[in-house]
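Report on one structure; see the data block that follows.
The values are calculated or read from the model by the stated rules, or taken from the named source; none is laboratory data. Quantities reported herein were computed from a predicted structural model and do not represent experimental measurements. Cβ placement follows ideal geometry from the backbone for every residue including glycine, while neighbour counts extend to all protein chains displayed. Ligands, DNA and RNA are excluded from the accessible area calculation, which covers all protein heavy atoms including side chains. Shrake-Rupley method; radii C 1.70, N 1.55, O 1.52, S 1.80 Å.
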Amino acid sequence: MKSALLPVLTFPVLILLALLLGACRGEMERGDPGLVLDVAISPTPPAVGPARLIITLEDTAGAPVEGAEIVVEGNMSHAGMVPVVDTAQAEGPGSYGISDFRFTMAGDWILTLRATLPDGRWVRAVRPTKVVGRVGGSP
Amino acid sequence: MRSPLLGSFLRWRHSRSVLQALFLSLAILVMVDGFWGPQLSPKNMAGVLPWVHWRGFVALALLLAGNLFCMACPFMLPRKLAKKLLPADRHWPKALRTKWLALFLLFLFLWAYEAYHLWASPLLTAWLALSYFVAAFVIDGFFRGATFCKHVCPIGQFHFVNSLASPLEIAVREPGVCATCRTRDCIVGRYEEPRGLDQGTEALRPHERGKLLQAGCELWLYQETKTGNMDCTFCMECIHACPHDNVGILTRAPARELWEDPQRAGVGRFSRRPDLAALALFLTFAAFLNAFGMVTPVYAVEAWMGRVMGTTSEPLVIGVLFLAGMILLPALLVGCVARCSASLSRSGRTIIQEATRYGYALVPLGFGMWVAHYLFHFLVGGLAIVPLTQEYLAFLGFSFPRAPSWAVGPLVPESWLLPLELIFLELGLLVSLVVAYRIAVREVGPGPRAVRAFAPWGLLALFLSVAGVWLLLQPMEMRGTFMGS
Ligand code: SF4
Ligand code: SF4
Ligand SMILES: [Cu+2]
């Protein structure tokens, strides 16, 4: 039967495709376990508009790590909202900062920080953050 | 079908299978990534493809063409397989041959979306898609025809209702040809053995006619009396089945079918289908509640309701909120309006009869709101698929000169978004007003009586559109963190 041929043929192709594409794309990797990346936000909780991010990078012994390039990406929990991406400036030993990280909307944000060292080591940290609205309303 | 390139593609009998295979691949991609990919919605196909692109595509397709999603529906290929593997010979119970079940499922779907933050959870999105495949497979595997599409599928009902305002329709080109046609292949299908009627003999039953070469309409819409887009999945079976090439995708005056009330094949008269009117009204109000779910004030309302109800369970609070906003409040409002309209115009009809006649007038307004909302997400996030695909390909081993840049902006300048949304909403209002008035004229004749019959419905539409404008002006707020780790 001609009309059945095509759908029947596509099935194995699709299954193959699926296995190829997704099978092992797991959670995002966290990078070098010897590095500890953390962030504090001021004000807490942050409101819509600019916020200050204070970022620290240490090794597991607590010694500050310098010279890293740190990129912060803010995503909303809803896909397809324009993300906010910014690069931190070094402010002291093991301390980095972004003075005006602009939260564009109230709601649940996920900050993804990635620090890369000149020697190629890197570490990623993910921080869910609640951003409150500017105008009233928020319980 | 007349445009040269697209037309010849659509005329090719496998065009639909190709579209379906494409969408099926995307659906599989969504499920695989949803189940096993990173649980951060913007970085997952299951967060981006369904909630940004699929909804935007559906809205645009309905607005500019017709029910194109059903045409390319990914659930159809597995369903075709089910028809081969399983008996598919049962009749759907008579009591369920309405839209009530689908309406309930639609409510469930919208509630789950909000209560469990489906937009923020690739995993739950994947489960939803999987359960959809299973449901379509099982139901159409045991029941005849396109039972799932016609009586169950909540997504399909969304398309059916909103496509009433679409500019395209599958229809007969030349009514005269149908009048002389004796085979009715568009509804019974084409088999190896001809039906026999042409030879002047007794018609053969389908099972006496050998193999089915081309199915007829599985939604039981007989072309000669089919009117409008209700229940039509744009599957094009009828187009391929008609031996006279007399069925096509034709343009028409959008929304006109909302005020006309003929006997429709496979549907009946709109004015005798309270279930259909309820579905149309439900979808209209749901458009506004669905948008309400993503502006800041909703959280104050939820918090207040939680306090009053003495609960912190969000699903419960949202359940009550949606029950009130999508069912009780609409029933009350529409009831009052129908009552006023009936007594002002002295039509002598009951509230149900009146609402079943006029309820369809609100469809364009609801549609305008859906378009405004879904197009917003699509215009803001349409480009997000680019870095995501890039990352996906990189994961598969393809290399790119540059790392994916996630900082993509909206598809149109941000300042256009609000005006665009308002245009769609108000366009919907305008069409709704026209439809309501035309219905009134058809019901009670032109003149002051029609104006009186129309006025309450016009006011309701106006009230809803004001609510819509208010919604669009609210600051947005999107919660629902769902971290897999
Ligand atoms: S009605 Fe049928 S074709 Fe349309 S979305 Fe549902 S399952 Fe797919
Ligand atoms: S076969 Fe039925 S559902 Fe399919 S396009 Fe024709 S009328 Fe519509
Ligand atoms: Cu939304």
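Can you tell me the accessible area per residue over the stretch A:35-131, all protein chains present, probe 1.4 angstrom, in square angstrom? Provide the component values of the computation, followed by the final result.
On the way: 3900 Å² over 97 residues.
Accessible surface, normalised per residue, equals 40 Å².
Summarise the partner chain shielding of A:105-112 as one whole number: the mean count of Cβ atoms from other chains within 10 Å of each residue's Cβ.
On the way: counts 6, 8, 11, 9, 3, 8, 0, 4.
Taking the mean over all residues of the peptide, I get 6.
What's log10 of I(q)/I(0) for the protein assembly as shown at q = 0.10 Å⁻¹, Debye sum over Cα points only, no solvent? Calculated log10 I(q)/I(0) at the listed q: -0.96.
Remark: spin-label model distance B:F398-B:V177 equals 4.3 nm, labels positioned 7 Å along the Cα→Cβ axis. Seen from B:F395, the other residues with C-beta closer than 13 Å to its C-beta sum to a net charge of -2, counting Lys and Arg as +1 and Asp and Glu as -1. Counting only heavy atoms of the protein chains and using a 1.4 Å probe, B:K84 has close to 120 Å² of accessible surface.
When averaged across all projection directions, what area in nm² does the alpha-carbon convex hull of the stretch B:168-259 cover? Before the final figure, lay out the partial values.
On the way: hull surface 24.7 nm².
For the Cα atoms of the stretch B:168-259, the hull's average projected area reads 6.2 nm².
Please give the net charge around B:P456, taking every other residue with its beta carbon less than 11 angstrom from that of B:P456, where Lys and Arg add +1 and Asp and Glu add -1. The answer is +1.
Let me know the mean shielding of B:41-51 by other chains, meaning the per-residue number of their Cβ atoms within 10 Å of its Cβ. Before the final figure, lay out the partial values.
Working: counts 8, 11, 7, 2, 4, 1, 5, 2, 1, 1, 3.
The per-residue average across the peptide is 4.
Note on surface exposure: B:H14, B:H377, B:H244 rank B:H244, B:H14, B:H377 by accessible area, highest first, 1.4 Å probe. Ranked from largest to smallest solvent-accessible area, with a 1.4 Å probe on the protein heavy atoms, B:D89, B:D231, B:D261 come out as B:D89, B:D261, B:D231.
Under 5 Å from the amide H of B:R479 lie the amide H atoms of A:D108, each residue being 5 or more positions distant or on a separate chain, with H modelled from the backbone and absent for Pro and chain starts.
Of the beta bridges in the protein assembly as shown, as assigned by DSSP with both residues counted there, near 95 percent are antiparallel. For the stretch B:376-485, the alpha carbon positions stretch 71, 29, 25 Å along the principal axes, listed from largest to smallest. One equal scatterer on each Cα of the stretch B:305-400, no solvent, Debye formula: the resulting log10 I(q)/I(0) at q = 0.12, 0.17, 0.25 Å⁻¹ is -0.72, -0.92, -1.15. Over 22 Å apart at the Cα level, from the set A:K130/B:K43; B:K80/B:K150; B:K150/B:K226; B:K84/B:K150; B:K94/B:K211, are B:K94/B:K211. Solvent-accessible surface (1.4 Å probe) assigned to B:E208 amounts to roughly 90 Å². Only protein heavy atoms count here; on that basis, with a 1.4 Å probe, A:I54 has an accessible area of about 60 Å². Approximating the spin labels as points 7 Å out from Cα along Cα→Cβ, the B:L64-to-B:R11 distance works out to 2.4 nm.
May I ask for the Kirkwood hydrodynamic radius of chain B, worked out over all distinct Cα pairs and given in angstroms to one decimal? All intermediate terms of the calculation are to be shown ahead of the outcome.
Numbers: mean 1/r = 0.0416 Å⁻¹.
Taking every pair of different Cα atoms in chain B, averaging 1/r and inverting gives 24.0 Å.
Across the stretch B:340-345, rounded Karplus estimates of 3J(HN,Hα) from the backbone phi angles (6.51 cos²θ - 1.76 cosθ + 1.60, θ = phi - 60°) give 4, 4, 5, 7, 4, 9 Hz, Gly and Pro being marked x. The simple spin-label model puts a point 7 Å past each Cα toward its Cβ; for B:W100 and B:R346 those points are separated by 3.6 nm.
Under the rule of -39500 (n - 2.57) per DSSP H run of 4 or more residues, summed and divided by the residues of the protein assembly as shown, what mean residue ellipticity at 222 nm is obtained, to the nearest 500 deg cm²/dmol? Walk me through the numbers before you get to the answer.
Numbers: 23 runs with 296 residues, N = 624.
My calculation for the protein assembly as shown gives -15000 deg cm²/dmol from helical runs alone.
Can you give the mean number of other chain Cβ atoms that lie within 10 Å of the Cβ atoms in peptide B:26-39?
On the way: counts 0, 2, 7, 5, 1, 2, 8, 4, 1, 2, 6, 7, 6, 3.
The per-residue average across the peptide is 4.
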